[in-house]
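Trainee: This is the structure I have questions about; it appears just below.
The values are calculated or read from the model by the stated rules, or taken from the named source; none is laboratory data. Only a predicted model underlies this, so the values are computations on that prediction, with no experimental measurement involved. Cβ placement follows ideal geometry from the backbone for every residue including glycine, while neighbour counts extend to all protein chains displayed. Areas reflect the complete protein model, heavy atoms only, side chains present, ligands, DNA and RNA absent. Shrake-Rupley method; radii C 1.70, N 1.55, O 1.52, S 1.80 Å.
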Amino acid sequence: MKISLFGYGKTNKAIAQELFDRFGAFDIYDDHFKGEGKDEFGNSLLENSLFDPLKSELEIVTPGFLPNHELVLKAKHLTSEYDFFYDAMPKSVWISGTNGKTTTTQMTQHLLSDIKAQMGGNVGIPLAKLNPYAKLWILETSSFTLHYTHTAKPEIYALLPITEDHLSWHGSFKAYEKAKLSVLERMNEGDVALLPEIYAKTPSKAYIISYKDEFDLANKFDIDIQKVNFKSPFLLDAIMALSIEKILLDRISYEKINVFKIEAHKLEELKDSQNRLWVNDTKATNLDACLMALKHFKGKKIHLIIGGDDKGVDLSELFKECKKQKIKLYIIGLSTQKLVAKASEFELELEKCYELKTAVEKISKQLLKDEVALLSPACASLDQFSSYAQRGEVFKELVRAL
């Protein structure tokens with residue numbers, strides 16, 4: 001079978017490396033390739049214009065490719081990573097939602113480590129590198145992957161709340177929402193879906209358990225929320241992970257969940273040389289995540305760094321909250337002019353910074369010891385950084401240098 005790979009990021013690199021012996025050389029197309037070349041395995045690296053749909057029997061698309069990408073539109077046999085590996089996939093749990101899916105996936109794997117559950121998907125480990133003989137795959141699942149997936153489905157689907165995000169990719173919130181819910185159409189009677197209450201009546205053969213919030217979810221699984229040490233926004237993640245454990249193993253491991261460590265770049269606190277509080281919440285790449293960060297520090301004076309690529313999302317709700325809490329804004333990135341114009345409509349105190357370094361320098365001149373300097377951008381990072389993680393590391397280096 002002649003297989004074409006669209007994009008040469010982590011997902012398709014793993015396929016090309018791990019499955020070369022089985023399928024032979026892949027034809028790999030990527031926006032960055034010019035002409036023709038070879039990788040170290042003998043796969044062909046080709047510019048997009050060389051793709052011939054009549055000579056390709058299957059096309060595996062990397063999740064980041066837009067639906068209107070020239071290769072996607074030309075493809076005759078387009079499939080996702082999930083569909084490609086579905087026949088080899090063991091029992092699986094898929095975790096999605098707008099915020100918290102990485103933490104929930106990591107917490108779930110932590111709770112199920114004794115059965116050697118494997119974690120992958122959007123969390124960083126491609127499916128090609130997971131063990132097909134493992135008892136369970138726990139997959140962080142993005143809306144991009146779900147958009148391209150039409151066959152595969154999990155035994156448990158855990159959906160965290162959905163708010164506006166990736167609108168420039170999907171085209172509308174309705175399309176984004178549709179992608180998140182699409183898997184329910186394929187689930188069977190023995191499967192379980194944990195859904196926000198608003199989606200409780202979504203058609204599905206799966207057994208649906210809906211929830212209003214973390215307290216309601218805890219009540220439905222007889223979880224004593226007082227025994228869980230996490231606070232918002234991580235409390236719902238912990239309760240969701242414990243609920244999955246209860247479904248699979250009929251147990252609730254309070255001690256185990258309470259020793260779980262939140263990864264870097266999420267409400268990560270650090271002090272500068274003057275013992276002032278700075279918070280790295282760079283993973284807050286959307287409106288809802290930023291609002292949760294503001295809620296976390298409510299009552300304190302906040303110097304908030306926002307900006308980057310706003311992904312077409314209206315941040316008016318953020319500016320309304322900033323008005324209520326008297327938060328000062330420091331705006332950076334590609335969307336600086338747009339965000340400054342919108343924030344000015346709410347008569348907010350702000351600084352037009354463009355660069356993260358400038359924002360940190362300006363805050364440092366004003367920050368008092370009982371205040372908070374918060375990087376919670378509500379925007380993607382790729383306009384100025386290679387990832388949200390690099391943005392966070394740069395932020396921490398700037399703070400340490402003060």
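Trainee: In the chain, what percent of the accessible surface is made up of carbon and sulfur (1.4 Å probe, ligands and nucleic acids excluded)?
Mentor: 50
Trainee: Let me ask something additional. Past the 18 Å Cα-Cα mark, which pairs from 311/362; 174/212; 320/342; 10/396; 201/311?
Mentor: Long pairs (Cα-Cα over 18 Å): 311/362; 174/212; 10/396; 201/311.
Trainee: Is the C-alpha gyration tensor of segment 16-173 telling us rounded, prolate or oblate? Criteria: a/c under 1.5 is rounded; beyond that, a/b larger than b/c is prolate, otherwise oblate.
Mentor: Here segment 16-173 falls in the oblate category.
Trainee: Something else about it: Restrict the search to segment 155-199; then list the GluC sites (Glu not before Pro) that DSSP places in a loop and that have at most 13 other Cβ atoms within 10 Å of their Cβ.
Mentor: Answer by residue number: 189.
Trainee: Sticking with this one: How large is ³J(HN,Hα), in whole Hz, for each residue of segment 263-269 in order, when computed from phi with the Karplus curve 6.51 cos²θ - 1.76 cosθ + 1.60 and θ = phi - 60°, using x for Gly and Pro?
Mentor: Going residue by residue, I get 5, 4, 6, 10, 6, 7, 8 Hz, with x marking Gly and Pro.
Trainee: With θ set to phi - 60°, apply the Karplus curve 6.51 cos²θ - 1.76 cosθ + 1.60 along segment 62-72 and write out the HN-Hα couplings as whole Hz, x wherever there is a Gly or Pro.
Mentor: 5, x, x, 5, 5, x, 9, 4, 4, 5, 4
Trainee: Rounding to the nearest 10 and keeping the result within 0 to 90°, find how far the Cα-based axis of helix 234-249 lies from the longest principal axis of the chain.
Mentor: Approximately 30 degrees, to the nearest 10.
Trainee: If each residue of separation counts as 0.36 nm, what is the full-extension length gain between residue 347 and residue 273 once their alpha-carbon separation is subtracted?
Mentor: 23.4 nm
Trainee: Can you list residues from other chains, or at least 5 along the same chain, whose modelled amide H is less than 5 Å from the amide H of residue 354?
Mentor: 331, 332, 333
Trainee: Using Cα centres only, tell me the gap between segment 113-167 and segment 240-297 in whole Å.
Mentor: Using only Cα atoms, the two centres lie 20 Å from each other.
Trainee: Between residue 55 and residue 131, what's the calculated FRET efficiency when r is the beta-carbon distance and R0 is 45 Å? Round to 0.05.
Mentor: 0.85
Trainee: Kindly report the accessible area of segment 316-402 per residue (heavy atoms of protein chains, probe 1.4 Å, no ligands, DNA or RNA), in Å².
Mentor: In whole numbers, segment 316-402 has 49 Å² accessible per residue.
Trainee: Continuing with this model, one more query. Considering the chain as a Gaussian network with a 10 Å cut-off on Cα pairs, which listed residue, 90, 161, 377, attains the greatest mean-square fluctuation?
Mentor: Result for the chain, Cα springs under 10 Å: 90 fluctuates most.
Trainee: In segment 149-279, what percentage of the DSSP-assigned beta bridges are antiparallel, given to the nearest 5?
Mentor: Taking every DSSP beta bridge with both residues in segment 149-279, the antiparallel ones total about 25 percent.
Trainee: Springs between alpha-carbon pairs under 10 angstrom, Gaussian network model over the chain: which of 147, 32, 265 fluctuates most?
Mentor: Largest GNM mean-square fluctuation: 32.
Trainee: Suppose a student asked you for the relative contact order of the chain, using Cα pairs under 8 Å spaced at least 6 residues apart; what percent would you report?
Mentor: Here the relative contact order equals 12 percent.
Trainee: Probe of 1.4 angstrom, ligands and nucleic acids ignored: what's the accessible area per residue over segment 93-152, in square angstrom?
Mentor: On a per-residue basis, segment 93-152 sits at 32 Å².
Trainee: Which aspartates and glutamates have a Cα lying under 12 Å from the Cα of residue 283, excluding residues fewer than 8 positions away in the same chain?
Mentor: 263, 268, 393
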